[in-house]
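**Q** The structure's right below; bear with me while I get my questions together.
Quick note: the coordinates plus some simple rules give every number you see, no bench work behind them. Keep in mind it's a predicted model, so treat the numbers as computed, not measured. Don't worry about glycine lacking a Cβ; one is built from the backbone with ideal geometry, like all the others, and counts go over all protein chains shown.
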Amino acid sequence: MRRRQFVELALATFASGAAAACASRVESARAAPPSAPRPLDAAAFHAERRFADIPFGKIAYIERGSGDAALFLHGAPLNGFQWRGAIDRLSAHRRCIAPDFMGLGYSQVPERQGLAAKDQVAMLGSLLDSLGVSTVDIIASDSGGAVAQLFMIRYPRRVRTLLLTNCDVEPDSPPPKVLPIIAQARAGTLNKGMDEWLANKSLARSTFGAAVFRDPSQFTDDVIEYYFTPLISSPLKRKQYEAFHMALEPNPLAGIEPALRSVVVPTRIVWGTSDDLFSPASPDYLDRTLGRSMGIRRVPGAKLFFPEEFPDLIAEEARRLWGLSG
């Protein structure tokens with residue numbers, strides 16, 4: 001009898017402990033907030049990269065978040081990684097999509113594929129179709145800003161809002177400081193700079209980094225690798241990197257002004273005042289030309305690729321443009 005009582009007592013004790021442990025786990029699960037996505041450093045961005053197989057080639061992109069889509073368009077010689085900080089902050093509000101342009105980044109396109117801004121526009125339309133995206137909020141920088149303007153004109157019903165940072169405008173495309181780069185591309189010597197920067201990353205920081213970032217120390221070795229390695233990863237990629245720059249002439253925005261005046265897309269302009277690549281008159285040109293400009297925010301001391309350094313600022317402006325609080 002005592003043996004049976006002992007067994008019953010042991011079973012009761014075990015059941016009580018298991019129930020308590022289970023309740024504890026349930027309570028902990030209730031108390032613990034949902035885990036946030038890993039910040040998009042180079043390793044995380046690489047892990048999340050996908051490829052869309054569309055008629056233009058295999059287009060590299062990353063996607064994070066859900067709901068209405070936001071399309072992030074990068075500058076040259078960068079790729080979608082430029083927008084990692086903004087995506088970290090905005091993916092709670094939008095399905096953030098950051099593709100790599102043809103001829104840049106990790107996208108893989110056929111040798112004879114056109115790389116001009118109009119071709120990039122057509123590619124983006126096809127990419128969005130493949131992802132089931134009908135309309136987007138666009139955030140764009142540098143040469144990506146030229147593509148964004150052309151996309152908005154070609155697909156006016158697909159763009160809800162547009163946020164432009166320092167970029168091409170019709171009177172300043174390509175800007176004078178880009179002309180020597182185009183000349184190097186035509187001469188077949190543009191890749192030499194990439195080779196040198198990858199071999200000597202301190203040189204990359206003190207030259208390219210100092211030209212486009214307020215604090216070039218943030219242009220770390222892993223960032224340099226992520227941007228520049230794919231551009232020289234094969235003879236075809238080398239050729240296409242140069243072809244991308246040659247396609248910046250003639251002016252891809254020639255004749256666009258009348259169409260911009262009729263645009264009804266709410267557009268916000270955020271401009272780094274220490275950028276010496278694009279004309280300081282360009283934000284005012286956009287403000288008076290765009291049919292529904294929401295004004296200019298000038299960022300003192302910021303250079304061309306300031307969105308990478310100040311993602312909080314970009315996220316703040318995007319949320320305001322999208323009508324979101326917080």
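**Q** With +1 on each Lys and Arg Cβ and -1 on each Asp and Glu Cβ, how big is the dipole of the stretch 111-251 about its Cα centre, in debye rounded to the nearest 20? Please report the intermediate quantities before stating the final value.
**A** On the way: 15 positive and 16 negative charges, 53 e Å.
Approximately 260 debye in magnitude.
**Q** Here's a follow-up. As I understand it, the dipole of the stretch 176-320 uses +1 on the Cβ of Lys and Arg and -1 on the Cβ of Asp and Glu, about the Cα centre. Which of Thr267, Pro180, Thr229 lies farthest toward its positive end?
**A** The one lying farthest along the dipole's positive direction is Thr267.
**Q** Return a whole-number percent for the relative contact order of the chain, with Cα pairs under 8 Å and 6 or more residues apart as the contact set.
**A** Values: 545 pairs, mean separation 58.4, N = 326.
Worked out over the chain, it gives 18 percent.
**Q** Under the definition of Cα pairs under 8 Å and six or more residues apart, what whole-number percent is the relative contact order of the stretch 182-237? Before the final figure, lay out each step's value.
**A** Working: 32 pairs, mean separation 16.5, N = 56.
Computed over the stretch 182-237, the figure is 29 percent.
**Q** Then there is this: When the chain is fully extended, how far beyond the present Cα-Cα distance does Ala47 get from Ala210, taking 0.36 nm per residue of separation? It would help to have the intermediate numbers written out before the result.
**A** Working: separation 163, 0.36 × 163 = 58.68 nm, distance 2.88 nm.
Between Ala47 and Ala210, full extension yields an extra 55.8 nm.
**Q** Scan around Val263 for amide H atoms under 5 Å from its own, H built in the peptide plane at 1.01 Å from N, and keep only partners 5 or more places away or cross-chain.
**A** Gly291
**Q** While we're on this one: Dipole of the stretch 279-326 (Lys/Arg Cβ +1, Asp/Glu Cβ -1, origin at the Cα centre): which of Leu290, Ile314, Ser279 lies farthest to the positive side?
**A** Leu290
**Q** Quick check for me: using +1 on Lys/Arg Cβ and -1 on Asp/Glu Cβ, what's the dipole size of the stretch 169-294 about its Cα centre, in debye to the nearest 20?
**A** Values: 13 positive and 15 negative charges, 46 e Å.
About 220 debye.
**Q** So if each residue of separation counts as 0.36 nm, and I subtract the Cα-Cα distance between Met246 and Arg154, what length gain in nm does that give? Before the final figure, lay out the partial values.
**A** On the way: separation 92, 0.36 × 92 = 33.12 nm, distance 2.28 nm.
Taking Met246 through Arg154 to full extension adds about 30.8 nm, to one decimal.
**Q** Sticking with this one: Provide, as a two-decimal number, the C-alpha radius of gyration of the stretch 262-326 over 2.2 N^0.38 Å, N being how many residues it has. Walk me through the intermediate numbers first.
**A** Numbers: Rg = 12.3 Å, N = 65, 2.2 N^0.38 = 10.7 Å.
That ratio works out to 1.14.
**Q** Follow-up question, since we're still on this one. Got a sec? How would Ser282, Ser233 order by Cβ neighbour count within 10 Å, fewest to most? It would help to have the intermediate numbers written out before the result.
**A** Values: Ser282 23, Ser233 12.
Fewest-to-most Cβ neighbours within 10 Å comes out as Ser233, Ser282.
**Q** Sticking with this structure for a sec: Of the listed pairs Lys58/Lys303; Lys118/Lys303; Lys118/Lys201, which have alpha-carbon separations greater than 29 Å here?
**A** On the way: Lys58/Lys303 32 Å; Lys118/Lys303 26 Å; Lys118/Lys201 33 Å.
Over 29 Å apart, Cα to Cα: Lys58/Lys303; Lys118/Lys201.
**Q** Calculate the all-directions average of the projected area of the chain's alpha-carbon convex hull, and give it in nm². Mind showing how you got there, number by number?
**A** Numbers: hull surface 88.0 nm².
Averaged projected hull area, Cα only: 22.0 nm².
**Q** For a test of the definition: using alpha carbon positions, the gyration tensor, and the 1.5 limit on a/c, classify the stretch 45-151 as rounded, prolate or oblate. Spell out each step's value before the answer.
**A** Values: a/c = 1.43, a/b = 1.40, b/c = 1.02.
It comes out rounded by the Cα gyration axes.
**Q** So how far apart, in nm, are the two label points at Ala183 and Arg38 if each is 7 Å from Cα heading toward Cβ?
**A** 4.6
**Q** Ok, one more. Set Lys and Arg Cβ to +1 and Asp and Glu Cβ to -1, take the dipole of the chain about its Cα centre, and tell me which of Leu253, Ala140, Pro39 lies farthest positive.
**A** Of the listed residues, the answer is Pro39.
**Q** So what's the Cα pair-distance distribution over the stretch 132-264, bin width 5 Å, in %?
**A** Percent of pairs per bin, in order: 2, 9, 15, 17, 18, 16, 12, 8, 3, 0.
**Q** For the chain, give the magnitude of the charge dipole about the Cα centre (Cβ charges: +1 Lys/Arg, -1 Asp/Glu; no others), in debye to the nearest 20. Don't jump to the answer; show the numbers that get you there.
**A** On the way: 38 positive and 35 negative charges, 238 e Å.
In debye, rounded to 20, the chain gives about 1140.
**Q** Only helical DSSP H runs with n ≥ 4 go in: add -39500 (n - 2.57) per run for the chain, normalise by residue count and round the 222 nm mean residue ellipticity to 500 deg cm²/dmol. Walk me through the numbers on the way to the answer.
**A** Details: 14 runs with 141 residues, N = 326.
After summing the helix terms and dividing by residue count, I get -12500 deg cm²/dmol.
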